[in-house]
Amino acid sequence: MDNGWVYTLPQQANNWSVQVVSPCDLTPGTTIVGETAEDGRFIYRFNGSTISQSFTQCSTKDSFTVVISNMATGAVDTLDAPYRFRITNTAAKGTK
C-alpha cells in the first residue's frame, strides 16, 4: 500500500446487484426470478454484468425505488465502476 492506494491482482470483477422496490406488482400475472413480496411491497432482485428487465406500470400515481450496488469481489470491499441506468417508457401515447 502506498499513500492509501492498494494494488490488487488480478483485476476485480464487477458484480452488479439491482433491486427494485414497488408498492404494486410490476409483473402482474407472472412471478419472475428474483421477485418476492414483503410487507405489502414487491421486491425484484437482479445480479449480473448486464441487467435488463421490462415492467408494467401500476398506475400514474405509483412510484418505485431502484437501488444499484457493485458488490466487489476479491481483495477489496469497495469497487468504483461506471454504469448506465435508463428507464424508457415504451407505452403508446395516450395510454397509462
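Between Asn14 and Ala81, full extension at 0.36 nm per residue minus the direct alpha carbon distance yields a gain of 23.4 nm.
In this rough spin-label picture, where each label sits 7 Å from Cα along the Cβ direction, the Arg41-Ile68 distance is 1.9 nm.
Going highest first, how would you order 16-29, 39-52 by mean Cβ packing within 10 Å?
On the way: 16-29: 15.0, 39-52: 12.4.
Highest mean packing first, the order is 16-29, 39-52.
Using the Karplus relation 6.51 cos²θ - 1.76 cosθ + 1.60 with θ = phi - 60°, the per-residue 3J(HN,Hα) values for region 31-46 come to 10, 8, 4, x, 8, 9, 10, 9, 6, x, 10, 9, 10, 10, 10, 10 Hz, with x marking Gly and Pro.
Every read-out reported here was derived from the displayed coordinates using simple, explicitly stated rules and does not represent laboratory data. Please read these numbers as outputs of a predicted model, since none were measured by experiment. All Cβ positions, even for glycine, are placed from backbone atoms using ideal geometry, and neighbour counts span all protein chains on display.
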